[in-house]
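What follows is a set of notes on a single structure, which appears directly below.
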Amino acid sequence: MGRTATGMLRADDLRGLNRLTIDAVAGTVGLVESMHAAITHLPAVLGAPAPRRTRGLTGWIYRRIHDTTRMVGIGVDTSLSLMASLLRAREDEPGAMRCSRP
């Protein structure tokens, strides 16, 4: 990850970390839902594939978890994007103080 002269992470690095985290959470929830659907599935015919998504109240709850995860990711990404643009604008100001390590 890129770091500033002071050794701190940049806002763009945090955005990337946020996206990785949200993708990991969404993937884990999807995997758990698939396992849940497979465990509760009673196959009508031997060898019939289990559904990948749950239905009913359980399916509704999983959809809300997926939606909430997506919305949190969008919110954090938007906030970090605004923060990054503000920090870049501040660095470009004439007379802005520069911090660097020897």
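The values are calculated or read from the model by the stated rules, or taken from the named source; none is laboratory data. Given the structure is predicted, the values throughout are model-derived calculations rather than measurements. Cβ sites come from the backbone with ideal geometry, for glycine too, and all protein chains shown count toward neighbours.
Keeping to segment 24-37, report how many residues are more than 15 Å from Arg63 (Cα to Cα) and of a type in the set (D, E, K, R).
Looking only at that region, the number is 0.
Name the single residue, out of those in segment 43-102 being among the hydroxyl-bearing types (Ser, Thr, Tyr) and over 18 Å from the mean Cα position of the chain (by Cα), that is modelled with the lowest pLDDT.
Step by step, filter segment 43-102, then rank; the result is Ser100.
So in segment 34-51, with the set limited to residues that are surrounded by 12 or more Cβ atoms within 10 Å (Cβ to Cβ) and either β-branched (Val, Ile, Thr) or touching a residue at least 12 places away in the same chain (Cβ under 8 Å) (or both), which one is farthest from Leu20 (Cα to Cα)?
Thr40
Looking at segment 67-80 only, could you name the residues that are surrounded by 15 or more Cβ atoms within 10 Å (Cβ to Cβ) and closer than 16 Å to Val29 by Cβ?
Thr69, Gly73, listed by residue number.
Quick check: anything in segment 43-58 closer than 26 Å to Ser81 by Cβ, in a helix (DSSP H, G or I) and hydroxyl-bearing (Ser, Thr, Tyr)?
No, segment 43-58 has no match at all.
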